[in-house]
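The values are calculated or read from the model by the stated rules, or taken from the named source; none is laboratory data. Treat the numbers as computed from the prediction; the structure is a model and nothing was measured. Glycine gets a Cβ as well: all are built from the backbone with ideal geometry, and neighbour counts include every protein chain shown. Ligands, DNA and RNA are excluded from the accessible area calculation, which covers all protein heavy atoms including side chains. Shrake-Rupley method; radii C 1.70, N 1.55, O 1.52, S 1.80 Å.
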Amino acid sequence: MNWINIRAFLERVFAFNEQTPLLFTQFYFWAFFAFVMVIFSIFHSKRLLRNAFLFAVSLFFYYKTSGLFLLILIFSTCSDFVWGQCIAATEKQWKKRLFLFFSVIINLGVLFYFKYAYFVTNLFNDLFHSNFQVVNYLALWTNNLTGSSFLVDRILLPVGISFYTFQTISYSVDVYRGKVKPVTNILDFGFYVSFFPQLVAGPIVRANEFIPQLYEKFFLTKKQFGIAVFWILNGLAKKMILSDYLAVNFIDRVFANPLMFTGFENLMALFSYSLQVYADFSGYTDIAIGIAMIMGFYLPKNFNSPYKATNPSNFWKRWHISLSKWLQSYLYIPLGGNRNATAGTFLIVGIIALIIIFLANSIWVTLTIALLFVVLLLVGIFYPNVRQKIYTNINLMNTMLLGGLWHGASWNFMIWGGLNGVGILSFKIWRNRTAWQKTLITASLFAIFVFFEFLFPRPIFVIGEIWTGILFIGTFISFLYCLLTKGGTLPIINRAWSIFTTFVFITFTRLFFRSGSNLDPATANKEAWETAQNMVAQIGGHWNWSLIGQIVTQYYSIFVLFAIGMIIHWLPERWKRWYRYNFACLPLPLMAIAVVVFVFILYQFNIADFQAFIYFQF
């Protein structure tokens, strides 16, 4: 009987069960982490044993999260370790480039197969009116060989594949550029690729930031330990108190069927989602940073109060910083950055333009794109001083579009990335305009939306009309104040207004982000577009204002929690540093009591079904 119990226990521990993954919010993970720390305390001063042990437990962590997809992680690790050695071993530049090419192609090929097979197949079928189907040949061959149906015939997305793929690409590129020496021990390299705190949802750790830490001795002060504990508790609070509670009790219900809810509820679900996705993702990275710090490793900062951003460009310097820097270093700059255009610049633009033309199947879309290309070409020819700005903006737009596609295999993600790109480009034009020019621009936009809404009544035009009307009122008041005071400004009010308008803009782009999430890749495009259309229809449709009071009463706890979350987010940074520092300086007994109290509070927000972190799907 005892042997049977022991066997059952070992099976629970070592067998993969998708119902009990090692999530930061689950007891299983903290039991796992406690075991890791016990063994780590023995090996922490022995560098090679420490790294080898952490590599092994990271592989176990990923297996418990993703099952046999562990084999893909191992393949990626071995492949890039070999290519890194090859790049460093040769002195001939053409060979270095060839080895780098193989590394990047293999990484992107694996990512493409598992993440974009359905997207590209559906796109091909739409363009050429064919009926090709995606087949998981690996599963098909395995099942045929074994005479079973053990593996599903669909292509499933491995958790975190986008994160560790970008991480291994950065290693190969940095070795090629000479920014980092190749790792000579595959155990050390495997640890870099698979370090479990940030493996499945970032932050993306670039090789030149983390690899030097592989060879450093363990060092942790009492203050650093306190800061690490604070980050863990802070992340858990964001995830369980803000993100999960808002999602389960309000946001998921509205996005599941927007037409069953009023325009006000759809609008509030959209704003609440902005807080949810921030609390969820930054909560994960806070916990990852804290766990890594306890083991003596330092992960890069991934968020810097993004909803304090005063413009879309500033937002992307505060949001998912590790991805923004990766895209800048390994995509935007290689495309030419703000210096010039490359063949890749025009290739990406051409492919995207042709796809839009074929899918739209409209003469007006074709003429519009053709006219835009002709105008840009003529401006580039006759105004050489403007040509570089055009190249810069095209490179930036390409980066945002591909950054959107990195998040998911759906047109909604590309629309989301494109809208953010448009926001950044619009701000670059906007910031150099005078007060009266800004007023004229917003007045013209408002008039255009009023005109279109009058001729072609559509919910999207109603939303545009209201938004541009609000912008016009703000810019007109600023213009009047500037006129009356002969150039005076209101710095605090202007900053608050900029933060508000940026937050609203970012929130509305998230309509496409959320609509494309949590969907089957085979049907993602259709479902995501329908959800986005339905929400726009409700938000821009007729509102029954008499119901708003009842809705506020019904979702009172949701709206209060949303307000509290935003207020905390907007607190001055020096206040946050103060209470973070004071927590870290608490005596260990008081810190332990604070942790127990905090865990008890978290337990009150615990829900029956676990909620995976949003960015696991990317």
Scanning for something touching a residue at least 12 places away in the same chain (Cβ under 8 Å), surrounded by 15 or more Cβ atoms within 10 Å (Cβ to Cβ) and at negative phi, does segment 333-340 turn up at least one residue? yes
Selection within segment 489-530 - open to solvent by less than 20 Å² (accessible area, probe 1.4 Å) and at pLDDT below 75: GLY516, SER517, ALA524
One residue from SER272, SER313, SER329, SER305 being among the small types (Gly, Ala, Ser), touching a residue at least 60 places away in the same chain (Cβ under 8 Å) and either open to solvent by 30 Å² or more (accessible area, probe 1.4 Å) or in contact with a strand residue (DSSP E or B) (Cβ under 6 Å, 6 or more places away or on another chain) (or both): SER313
Of the residues PHE225, PHE218, PHE230, PHE255, only one is outside any helix (DSSP H, G or I) and of a type in the set (A, V, I, L, M, F, W, C); which? PHE218
Return the residue satisfying two criteria in turn: it lies in segment 403-459 and is closer than 26 Å to GLN538 by Cβ, at pLDDT below 85 and in a loop (DSSP other than H, G, I, E, B), and of such residues it is farthest from the chain's Cα centre (by Cα). SER410
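Filtering segment 374-392 down to residues that are open to solvent by 100 Å² or more (accessible area, probe 1.4 Å) and assigned to a helix (DSSP H, G or I), which residue is nearest to VAL422 (Cα to Cα)?
LYS389
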Against the condition under 17 Å from PHE297 (Cβ atoms), part of a helix (DSSP H, G or I) and open to solvent by less than 30 Å² (accessible area, probe 1.4 Å), how does PHE40 come out, does it pass? yes
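A quick yes/no check of all residues on (1) open to solvent by 50 Å² or more (accessible area, probe 1.4 Å); (2) in a helix (DSSP H, G or I); (3) not acidic (Asp, Glu):
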{"position": "ASN51", "(1), (2), (3)": "no, yes, yes"}
{"position": "ASP80", "(1), (2), (3)": "no, yes, no"}
{"position": "GLU91", "(1), (2), (3)": "yes, no, no"}
{"position": "LEU100", "(1), (2), (3)": "no, yes, yes"}
{"position": "VAL104", "(1), (2), (3)": "no, yes, yes"}
{"position": "TYR116", "(1), (2), (3)": "no, yes, yes"}
{"position": "THR121", "(1), (2), (3)": "no, yes, yes"}
Please state which of the following conditions PHE53 fails to meet, knowing it meets all the rest: (1) under 17 Å from PRO197 (Cβ atoms); (2) touching a Leu at 6+ places or on another chain (Cβ under 8 Å). (2)
For segment 415-437, name all the residues that are open to solvent by less than 50 Å² (accessible area, probe 1.4 Å) and either over 18 Å from ILE390 (Cα atoms) or without any contact (Cβ under 8 Å) to a residue 24 or more places away in the chain (or both). TRP416, GLY417, GLY418, ALA435
Residue under question is ILE289, and the condition is that it be on the phi < 0 side of the Ramachandran plot and at pLDDT 90 or above; does it hold? yes
Among the residues of segment 191-212, are any buried (at least 19 other Cβ atoms within 10 Å of the Cβ), among the aromatic types (Phe, Trp, Tyr), out of contact with any Gly (no Cβ under 6 Å at 6 or more places or on another chain) and assigned to a loop (DSSP other than H, G, I, E, B)? yes
